[in-house]
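Visitor: First the structure, which I've put down as structure tokens, then a few questions once you've had a look.
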Amino acid sequence: MVDHPAYPVGLRLSGRRVVVIGGGQVAQRRLPALIAAGADIVLVSPSATPSVEAMATAGEIRWERRRYTEGDLADAWYVLIATTDPQANAQASAEAERSRVWCVRSDDANAATAWTPASGRSKGVTVAVLTADPHDRDPRRSAALRDAIVEGLRDGTIAAPHHRTRTPGVALVGGGPGDPDLITVRGRRLLAEADVVIADRLGPRDLLAELPPQVEVIDAAKIPYGRFMAQEAINAALIEHAKAGKAVVRLKGGDPFVFGRGMEEAEALAAAGIPCTVVPGISSSISVPAAAGIPVTHRGVAHEFTVVSGHVAPDDERSLVDWAALARLRGTLVVLMGVDKIGAIARALVAGGRDPHTPVAVIQEGTTAAQRRVDATLATVADTVAAEEVRPPAVIVIGEVVGVGVGTGIGTGTGTGTDSGTGTDSGTDAAPARPTP
């Protein structure tokens, strides 16, 4: 008998009966894709892993807690055999053959009538890789090829242009704390598809260098104590380019909705009738402390953490922060955009009852090669920041968690390369506060 390569085909299993025999690790890996395909899944197994059991509890699959018996494959369209019992596997495989049901076997691929490819998805495209030679099946090579293709589609290194008209609009993309590797997969893909990118200074700047030359990049930097692009001008640019039929990405640092004016931009786009997609990003309020070896919560140390903007001083009438209430909390306080106000903030916290010996860490340029951490207390932080010439962007962590990572060797030096320490998640509020006209 001549061995031929497998014929690739996409099965449409929505609403159709699929039987999975065995509830172990193989089923745990394969079930999510079958669930996502909308299959009517019946699991036949006397036991299951906790994750598989959770799928049954959630109603995603039906679980018959018993061993396989003849007739279990009646009316099935597809079967996955994944038990540790060779005899049961052979019997189920024989039933599948008689019933003309496509059958995958985890224990003996050569005895199966179907193989599961190494598959992945990227924006509506499914990539499935099968080894052509039936005598040289190498699942690891197939998986590596799958990963390379999917990653290339996601980050734009493999060109897959749309040949149908795209719907113009704006994506508010959270770029994360600064390290280009910390942007989300979706954010990176949208960047690769953009016609126009309006970028903050505190976004992952290295990604801009990877954009094709035809992509227009608009600098929306807001530099503390320096020039900046007014929010109204940013809104106008977003609307103008979107109305021109272009795909626009508003690239922000951190998360668009954490001190990033993302909602202001979304509201302006909605008022102009322009579709807007929000892509969350990793917030600097959590990631920068982590990059410096500081957990914002820790068992027995802190059961809560509070993130607050420090760009307005506690005694400023425009401040919306209840600093006295924050002083009474026992957990971690993370201050963004507060470098130049840290002295006033520390005094307000101490006046409200916080111990002046409370540890403080100031992380400048977090997750970049320039990252550095300066430690102090509430009583000394103002002088320390001045003496060390700490400048924005920086994230300030106040609380006992500051001492948790000391001596662990985690992120205690400079250049940890995991976050930009933005001090503001999008960078759009980094300009000095101005009086309301």
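Visitor: Tally time: how many residues in the stretch 48-80 are touching a Lys or Arg at 6+ places or on another chain (Cβ under 8 Å) and surrounded by fewer than 14 Cβ atoms within 10 Å (Cβ to Cβ)?
Guide: 1
Visitor: So, of the residues in the stretch 3-61 that are among the β-branched types (Val, Ile, Thr), part of a loop (DSSP other than H, G, I, E, B) and over 27 Å from the mean Cα position of the chain (by Cα), which turns out to be nearest to VAL127 (Cα to Cα)?
Guide: VAL9
Visitor: Within the stretch 317-341, track down each residue that is surrounded by fewer than 13 Cβ atoms within 10 Å (Cβ to Cβ) and either acidic (Asp, Glu) or not in a loop (DSSP other than H, G, I, E, B) (or both).
Guide: Scanning the stretch 317-341 gives GLU317, ASP322, ALA325, ARG328.
Visitor: Among the residues of the stretch 271-281, is there at least one that is within 17 Å of VAL395 (Cα to Cα) and under 19 Å from the mean Cα position of the chain (by Cα)?
Guide: yes
Visitor: Residues THR297, THR358: which one is without any contact (Cβ under 8 Å) to a residue 60 or more places away in the chain and either closer than 29 Å to ARG186 by Cβ or crowded, with 16+ Cβ neighbours inside 10 Å (or both)?
Guide: THR358
Visitor: May I ask you to list pairs of residues, at least six apart or on different chains, whose Cβ atoms are under 6 Å apart, with the first in the stretch 185-199 being within 10 Å of VAL215 (Cα to Cα) and the second being outside any loop (DSSP other than H, G, I, E, B) and among the charged types (D, E, K, R)?
Guide: Going by the 6 Å Cβ cut-off, the qualifying pairs are VAL196/GLU216.
Visitor: Looking only at the stretch 285-327, which residues are over 17 Å from PRO359 (Cα atoms) and either aromatic (Phe, Trp, Tyr) or touching a Cys at 6+ places or on another chain (Cβ under 7 Å) (or both)?
Guide: TRP323
Values in this text are rule-based calculations from the coordinates and carry no lab data. Bear in mind the structure is a predicted one, so any value in this text is a computation, not a measurement. Every residue, glycine as well, gets a Cβ built from its backbone with ideal geometry; the counts of neighbours run over all protein chains shown.
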